[in-house]
Amino acid sequence: MSKVFMPAQPDELWGILDENPEAVVYAGGTDLLVRLRSRFTKPDCLVCLERLDDLKGVKADDDDIFIGALTTHREMLNDPIIQKDLHILTHALKQLGSPPIRNMGTLGGNIVTASPAGDTLAPLYILNAQLEIGSRNSTRRAPIESFILGPGKVDLAHGEILSRVVVRKVPKFEVHHYEKVGKRNALACSVVSMATLMNVSSNNLISNIRLAWGSVGPTVLRFGDIEHFLVGKPLTVEGLSEAINMIQELVKPIDDIRATACYRREVAGRLLLRLLKYSV
Amino acid sequence: MKSTQINIGSTLCRPDALLKVSGTAKFAVDYYGQDYIWAGVKRASIPHGTLKNVDCSKALKVPGVLTVLTHKDIHGTNRQGVVKKDQPVLVDDKIRHCGDAVALVLAETKSALAEGLVAVRTDTKELQPVKDVMSALKPGSPLVHENNAKGNILLAGEIAVGKSLAALKECDVVVEARFETQRQEHAYLETENGWARLDDKGRIEIVCSTQTPFRDRIEVAEALGMDPENIRIIVPNVGGAFGGKDGITVQSLLALAAQHSNGRPVKMWWDREESFLASAKRHPCMMAYRLGAKLDGTLHFLDVDIILDTGPYDHLGGVVLALAMEHSGGPYRIPNGLIRGRCVYTNNPVGGAFRGFGVTQVTSAIERAMDLLAEKMGMDRLELRLKNALKAGDRNFVGKTLTTSTGIIECLETLSRHKLWKQKSSWKCGVPPFKRRGIGISATMHASGYGPVVPDYANAKLELTTRGSFRIYCGVVDMGQGNTTANIQIVGSLLNQPIEKMEVVLPDTDKTLPSGSASASRCTYTFGNALISGAKIMQERLCQKAADLMMIKDSNEFSMIPGAIRHLPTNREIRLETIARIMDSSEKTVTAYFRAPVATDSVTDDKNLRLHGIPHNLFSYSANLAYVEVDEITGKVAVADYLTVSDCGNVMNPQIYEQQIQGGVCQGLGLALYEDFETLDGRIITKDFSTYLAPTSMDIPDIQSVALGIHEPTGPFGAKGIGEISTNGPLPTIANAIFDATGYMFDKSPITPEAILDALNINLSG
């Protein structure tokens, strides 16, 4: 039987973490509890963050949007600030897991689990999200792409907690596009996903674009070269075709039970064609 | 105002529905009892090997572990099975699949049980696994059962039809194709579980989730060397089965545990992973088809070769093979051909009963072959089907003359008039960018009952209670399909009593009467017919009693009305509870027997094939249609609409009828597009629901069901079996729709996005 701590104040949390160097921390538990079920030996000590109210909710000032790490996916979907400015995130959240998972799972949890298939991650990468990491005596900031190191690996020391996610409001993008390819339409781990922020000029040229792919590498992948390459290109099959080949060369998918690397590579490129629906 | 009157043909909401959604209905998992203990199974975890020794010493030292039992503790045959008893309760010689049970641990708590199971050590010598049917059939293959006379073949059969292979050269057009269907898991909500107790008279009571209480009792008794009279099986509400509980799961293990628990109740409850590992699955099937026709589209010849992977045990593999062979030609007149079938042992998971029961596999083959033929002949696929569809009096492919209602032509004609068929071209024209649209159809038939040899019977029992209500003793399990509601409708409508006057006793070998399995689309047909007789006897008896009491000569002047019996000429009434009080308890109980009519056609001399069920006598039919949209970018298939037009006889309860269609279609769509219980060298890859993907509500289209309601003269109120047929349509219908959309006929299921993208190989950006 594991001990479970449920601190309600940060000071309480820091104390628990100090006293229990092996403690395993979780928020909604939608990833951790599933993994623990299949393990014969359970960790001695679990720390559930769900009572730390300071880490919940969405706020904004003139420049930034702040999302508490313990905000659930459902709360984000319901939030007017996110609905107004972060469509890309809501598109992804709608396809994350299932209603019960969205009710329990949190944004912080999705980030710290660091699955290359995590549905919120590709949007956060192209939103240039900054993460605030708190500990007893300090707070630091890190861009999401340097915080996530690999599958299940993040730059988080014992005694540190991912406390919130910060997203700049500018620049504005007209197109917020997210497509998840899973083996079914709910409760599916993505096989490939692509998140896009884009502006298209009145003469159908891509004027600004950010792209990120999930499930085709150890982390979410974003390629500056492709984004630069696409700026100024017409939003047509011809205009995208070379970029599709570039994507297919750059992604680093693996074979697993869900799909072959070959399929993932093929589809990662082809998903770009879906952007044609935004042509003017 | 809601009427509580019960009618046949109108929807009666299942009386158990509210109890189930509110959590008050009792399932086997809800049984605990005073001072109960846990029992759990040590599984082999290797696909093939010799079991040299089971070392229980460490497990016995685990605090809370009470005892560890092995085959040495079994004093019966230690063999279970329906036709061929080849499956051990606990392995005594060889391990034949990863889910084989090698030891049984009894413990005070669940956690002690888990620790005890890990501590049981098995000393095994691994043998080369027989990993698939092709290697099993190769000369020199390792044998799954060394003493089986036919090597790795459990059952093989051959039926020549008409001029057999000689008719091939008489065909103007021939299509040839091979098809392969996958292993499918039932994935019922309620995993296998039960509860057992030995009483001080040496009798064991088992409460469990099963489709077959009466057969279980005999199997458990034989395997453990007990008198069947000393075993009582009770089946409360069941949380799904689909064939997966048509056969022993926990029963013998629980009885064995109860023999060694000093009278304490024993509980066993497989978790999802154990259920996946140990339970039977839909047989993977390989099918080679050659279908030939005359120039005008008249079918002339079919050559079929079917190979089923039954895993290491018969379970019901032989019977599944026979039903597959019988249905291999679909609902068509095909005068000549050859049917060959083999059911093959391997070290894969056990193949067993699964809604559709072999028909699902062969229907997917004949229906895809029909589309290939139509394409090759340039003929309309619906026209080709209509031209060859069976009529009453025709012989089906296996040679059985159709003597019961045969509505496949009406099904197809109704489909042809449906708006989804009529609007198909305009729907296809509206295709968005990077999509392809296609429409598929299929025609299916499905037998009900056990075939010509094994008696398909039921014994209904009905009692008038002292409260004046009627208690129906249901001999056939309702695992969610709704036959208990049908039973209530039968009695309620015949005796003219409202729902408040109805009670049911769920299957219990001490209380209800032997009535066969809840399987083979037979429940309402066979038990319903028995119950009709029972209700009629009850009515006559009660009217006679009323006549006697009123000293009126002619009991025909009496009629039953809600709560009473009325003498119509005088309007005098007598309450049912009044009658009940003056009746002796044996008088208040009625029993009635029904045995389903069987085919007398001699379609094969092979006694073994007859024993395994060829041919049947009664068939349901359906025509199906699907709209699909294939995505060129990802290869994903979206099913936009699905229609089933069915002839399953008169409709007793429209809602339950439709639920059966919807559920079966969902499982069929799972088979077509999603589900694949994968193994590698006998080891399971898809161990849980995170990798074994069944469709969700987000993947299921609107499903329309049109019931023709053709009266079947032998059926209860004209009904036929509805339980399975809807599972057979989706795979061929979807495959044919994808064929229509892409020009590519997929021969392997599930049809994955990856396979579609591979086949299309479109250069979208070039």
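Couple of notes before you dig in:
- Conditions (1) over 20 Å from the mean Cα position of the chain (by Cα); (2) open to solvent by less than 10 Å² (accessible area, probe 1.4 Å); number of the one not met by B:Val639: (2)
Table: residues versus (1) touching a residue at least 40 places away in the same chain (Cβ under 8 Å); (2) under 11 Å from B:Gly352 (Cβ atoms).
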| residue | (1), (2) |
| --- | --- |
| B:Met268 | yes, no |
| B:Pro284 | yes, no |
| B:Gly311 | yes, yes |
| B:Ala324 | no, no |
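- Verdict on A:Val237 being open to solvent by 30 Å² or more (accessible area, probe 1.4 Å), β-branched (Val, Ile, Thr), within 14 Å of another protein chain (Cβ to nearest Cβ) and over 30 Å from B:Glu678 (Cα atoms): yes
- Residue in region B:596-603 that is part of a loop (DSSP other than H, G, I, E, B), over 24 Å from the mean Cα position of the chain (by Cα), hydroxyl-bearing (Ser, Thr, Tyr) and closer than 27 Å to B:Ala392 by Cα present: yes
- Within the option set A:Val216, A:Val175, A:Val191, being away from every other protein chain (no Cβ under 14 Å) and touching a residue at least 24 places away in the same chain (Cβ under 8 Å) holds for one residue only, A:Val175.
- If you go through region A:245-256 and keep only what is farther than 17 Å from A:Leu197 by Cα and either in contact (Cβ under 8 Å) with a residue 24 or more places away in the chain or crowded, with 22+ Cβ neighbours inside 10 Å (or both), you end up with A:Asn245, A:Leu250, A:Val251, A:Lys252, A:Pro253.
- Of everything in region B:273-307 that is within 23 Å of B:Met134 (Cα to Cα) and among the basic types (Lys, Arg), the residue that is farthest from the other protein chains (Cβ to nearest Cβ) is B:Arg290.
- Residue among B:Tyr744, B:Tyr692 that alone is in a loop (DSSP other than H, G, I, E, B), of a type in the set (Phe, Trp, Tyr) and within 14 Å of chain A (Cβ to nearest Cβ): B:Tyr692
- Matching residues in region B:669-702 - criterion: being crowded, with 20+ Cβ neighbours inside 10 Å and over 21 Å from the mean Cα position of the chain (by Cα): B:Thr679, B:Gly682, B:Ile684, B:Asp699
- Considering only residues in region A:1-25 that are surrounded by fewer than 16 Cβ atoms within 10 Å (Cβ to Cβ) and among the polar types (S, T, N, Q), the one that is nearest to the chain's Cα centre (by Cα) turns out to be A:Gln9.
- Residue match in region B:160-183 (condition: modelled with pLDDT of 95 or more, more than 30 Å from B:Thr401 (Cβ to Cβ) and part of a strand (DSSP E or B)): yes
- Residue match in region B:701-722 (condition: out of contact with any Leu (no Cβ under 7 Å at 6 or more places or on another chain) and within 14 Å of chain A (Cβ to nearest Cβ)): yes
- Scan of region B:406-435 for residues that are surrounded by fewer than 14 Cβ atoms within 10 Å (Cβ to Cβ) and within 14 Å of chain A (Cβ to nearest Cβ), ordered by number: B:Pro432, B:Pro433
- B:Gly9 meets the stated requirement of being modelled with pLDDT of 95 or more, assigned to a loop (DSSP other than H, G, I, E, B) and either more than 30 Å from B:Lys501 (Cβ to Cβ) or not assigned by TED's automatic domain parsing to the domain that holds B:Glu500 (or both).
- When A:Ser207, A:Ser202 are checked against the criterion of being part of a loop (DSSP other than H, G, I, E, B), among the hydroxyl-bearing types (Ser, Thr, Tyr) and away from chain B (no Cβ under 14 Å), a single residue qualifies: A:Ser202.
- Inside region A:26-61, residues that are open to solvent by 60 Å² or more (accessible area, probe 1.4 Å) and touching a residue at least 40 places away in the same chain (Cβ under 8 Å) make up a count of 6.
- B:Thr444 of a type in the set (Val, Ile, Thr), under 24 Å from B:Leu669 (Cα atoms) and modelled with pLDDT of 95 or more: yes
- Sub-7 Å Cβ pairs linking a first residue in region A:257-278 that is more than 7 Å from chain B (Cβ to nearest Cβ) to a second residue that is among the acidic types (Asp, Glu) and surrounded by fewer than 18 Cβ atoms within 10 Å (Cβ to Cβ), at least 6 apart or interchain, are A:Ala261/A:Asp255, ordered by first then second residue.
- The test for being out of contact with any Phe, Trp or Tyr (no Cβ under 6 Å at 6 or more places or on another chain), of a type outside the set (Phe, Trp, Tyr), crowded, with 20+ Cβ neighbours inside 10 Å and over 30 Å from B:Ile206 (Cβ atoms) holds for B:Ile579.
- Matching strands (runs of 3 or more DSSP E) fully within region B:449-535 where at least 1 residues are under 19 Å from B:Cys13 (Cβ atoms) and in contact with an Asp or Glu (Cβ under 8 Å, 6 or more places away or on another chain): B:470-473
- Residue match in region B:97-119 (condition: out of contact with any Gly (no Cβ under 9 Å at 6 or more places or on another chain), over 21 Å from B:Gly247 (Cβ atoms) and within 14 Å of chain A (Cβ to nearest Cβ)): yes
- Being open to solvent by less than 10 Å² (accessible area, probe 1.4 Å) and farther than 16 Å from B:Asp172 by Cα is a property that B:Gly337 lacks.
- In region A:79-178, counting only strands (runs of 3 or more DSSP E) that sit wholly within it, the ones holding 1 or more residues that are open to solvent by less than 40 Å² (accessible area, probe 1.4 Å) and under 18 Å from A:Gly29 (Cβ atoms) span A:161-168.
- Checked against (1) surrounded by fewer than 17 Cβ atoms within 10 Å (Cβ to Cβ); (2) within 14 Å of chain A (Cβ to nearest Cβ), B:Arg595 meets all criteria but (2).
- Given (1) within 30 Å of B:Leu302 (Cβ to Cβ); (2) open to solvent by less than 60 Å² (accessible area, probe 1.4 Å), index of the condition B:Lys163 fails: (2)
The values are calculated or read from the model by the stated rules, or taken from the named source; none is laboratory data. Remember, predicted model here, so these are calculated numbers, not experimental data. FYI the Cβ positions are ideal-geometry reconstructions off the backbone, even for glycines, and counts take in every protein chain you see. In case anyone asks, the SASA skips ligands and DNA or RNA and just uses the protein heavy atoms, side chains included. Shrake-Rupley method; radii C 1.70, N 1.55, O 1.52, S 1.80 Å.
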